[in-house]
Amino acid sequence: MQFKDLQLQYKVLKSEIDAEVANVIKEAEFISGKQVKDLEQKLAEYVGTKYCISCGNGTDALSLALMVWNIGTGDAVFVPDFTFFATGEAVTYAGATPVFIDINPNTYNIDTEKLEQRIIEVKKNGKILPKVIIAVDLFGQPADYMEIRRIADKYHMFVLEDGAQGFGGEISGKKACSFGDISTTSFFPAKPLGCYGDGGAIFTDNDEWANLLFSLRIHGKGEDKYDNIRIGMNSRLDTIQAAILLPKLAAFAEYEFNKVNSIANHYSKLLGKTVKIPDILPNYRSSWAQYTIQVTDRSERTKLQEYLRLCDIPTMIYYTKPMHKQKAFEQISDDENNFEVTNRLCDTVLSIPIHPYLSNEEIDYVSEKIVNFFS
Ligand SMILES: *Cc1c(COP(=O)(O)O)cnc(C)c1O
């Protein structure tokens, strides 16, 4: 059994993907070919934003967004403590200070009460200036954007949606990657919509920021890439990756997103009485980047993971370490009491196989083994 079955997905989409890739090689427009524009248009339409600006990966996407707002030394950027490293890394890379915030134990997303308390503290303290909230759509479920927007407006801050795991998710029919002032995603192969290498995209409705982003991703270009009017980056989505993403986006929108949701429901029915299953809020839909359960403690998790491994069921731990405990952030000291939930979850979460091509037999088998372990 595969944790994410990219080979099976390729079997289903092979003829379209092969044709698209062959076409790019034949046309030899490997950088900024017409497929890139075509994909950007389709992504913007799917997400419901005015602009989509593709780029090299999801980490660059975050960096580019922070560059647009001139975030740097002296600025405070609020980041959930439970996320992939890149969310915090981009902040430090920009020269700003990440302020890590505990999460909600049911949704895995940023705890908005603790967020607001912390913004007030940082403001009062006066050393750094609250500028941006980076909300992450962890494991596929959008963060609480109603509350986040209220807080951002109140303290005059920007919202950056890190939708690297959230592409496809919804709140009341509105799509993920449309909730931030700027939103980003990643096309890393294992993400809900993945390509065959690195890739990413940025979404916004703002004309001025979109124009800046189109420039920043190609060496701060002006009229063309040999007219350089600002310092930017070299961060483009390869034409081959765009060509691969075109049929993959179509499959995602047509059936993969619904399929992975029915798989998650199936899991939840079979596992709900045995372990803590993911909590999807009313009117929310997840893109199920991960299906993550919670057990009692670290030793129980180690035993369960080993038992499942012997049953040929791969599992992963997202994440074993909170952001504030990463060595790279050791200069940012903070009170351990601020991270009670993240500290606990790093010992108790376990992600089990989920992808749109998981069969009913596999779902039944995984669930049966987990229930067996506990009985
Ligand atoms: C994967 C991921 C990123 C980084 O994306 P890359 O394309 O690998 O650079 C950023 N944030 C989160 C939450 C992620 O899961």
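Below, the figures for the structure above:
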{"read-out": "Modelled FRET efficiency - R0 45 Å, Lys11 with Asn106, Cβ distances, 0.05 increments", "value": "0.80"}
{"read-out": "Reach of Lys248 by Cα under 22 Å, taken over lysines that are not fewer than 8 positions away in the same chain", "value": "Lys4, Lys11, Lys14, Lys26, Lys34, Lys37, Lys42, Lys50, Lys174, Lys175, Lys191, Lys259"}
{"read-out": "Amide H contacts of Lys276 (H built 1.01 Å from N, under 5 Å, at least 5 apart or other chain)", "value": "Gln294"}
{"read-out": "Residues Phe329, Phe100, Phe85, Phe203 arranged by fewest to most Cβ contacts within 10 Å", "value": "Phe85, Phe329, Phe100, Phe203"}
{"read-out": "Sequence of Val24, Val132 once ranked by neighbouring C-beta atoms within 10 Å, starting from the fewest", "value": "Val24, Val132"}
{"read-out": "Principal axis box of the range 1-93, alpha-carbon based, largest edge first, Å", "value": "51, 37, 26"}
{"read-out": "In nm, spacing of pseudo-spin labels at Lys273 and Phe374 (7 Å Cα→C-beta vector)", "value": "1.1"}
{"read-out": "Gained length - Ile31 relative to Glu147, 0.36 nm times residue gap less alpha-carbon distance", "value": "37.7 nm"}
{"read-out": "Mean shadow area of the chain over all directions, Cα convex hull, nm²", "value": "18.7"}
{"read-out": "Other-chain or far-sequence residues with amide H under 5 Å of Ala164's (modelled H)", "value": "Asp137, Ser186"}
{"read-out": "The range 174-245: equivalent-ellipsoid semi-axes (sqrt of 5 x gyration tensor eigenvalues, Cα, Å)", "value": "23, 18, 8"}
{"read-out": "Where the Cα pairs of the range 163-299 fall when distances are cut into 10 Å bins, in %", "value": "11, 31, 31, 17, 8, 2, 0"}
{"read-out": "Order of Arg217, Arg298 - criterion: other Cβ atoms within 10 Å of each residue's Cβ, fewest first", "value": "Arg298, Arg217"}
{"read-out": "The chain, helix-only ellipticity at 222 nm - DSSP H runs n ≥ 4, -39,500 (n - 2.57), divided by all residues, nearest 500", "value": "-13000 deg cm²/dmol"}
{"read-out": "Placed amide H near Asp75: partners under 5 Å, 5+ positions off or other chain", "value": "Thr97, Leu129"}
{"read-out": "Phi to ³J(HN,Hα) by Karplus 6.51 cos²θ - 1.76 cosθ + 1.60 over the range 164-181, Hz, x for Gly, Pro", "value": "4, 9, x, 3, x, x, 9, 10, 6, x, 8, 7, 4, 6, 10, 8, x, 4"}
{"read-out": "Potential extension, His156-Asp207 segment - 0.36 nm per residue separation minus Cα distance", "value": "16.4 nm"}
{"read-out": "Estimated vicinal HN-Hα couplings, Hz - the range 148-157 in sequence order (Karplus 6.51, -1.76, 1.60; Gly, Pro = x)", "value": "4, 5, 4, 5, 4, 5, 4, 9, 6, 10"}
{"read-out": "In range of the label at Gln2: residues from the range 11-46 whose backbone nitrogen is under 16 Å from the point 7 Å along Cα→Cβ", "value": "11-18"}
{"read-out": "For the chain: relative contact order, % (alpha-carbon pairs under 8 angstrom, 6 or more apart)", "value": "21"}
{"read-out": "Efficiency of FRET between Glu330 and Phe214 - r from beta-carbon atoms, R0 30 angstrom, step 0.05", "value": "0.20"}
{"read-out": "Derived scalar couplings ³J(HN,Hα) [the range 54-70; Karplus, 6.51 cos²θ - 1.76 cosθ + 1.60; whole Hz; x for Gly, Pro]", "value": "6, 7, x, 5, x, 6, 4, 4, 5, 4, 4, 4, 5, 5, 4, 8, 6"}
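No value in this document is a laboratory result; all are computed from the given coordinates. Only a predicted model underlies this, so the values are computations on that prediction, with no experimental measurement involved. Backbone-built Cβ (ideal geometry, glycine too); neighbour counts: all protein chains shown.
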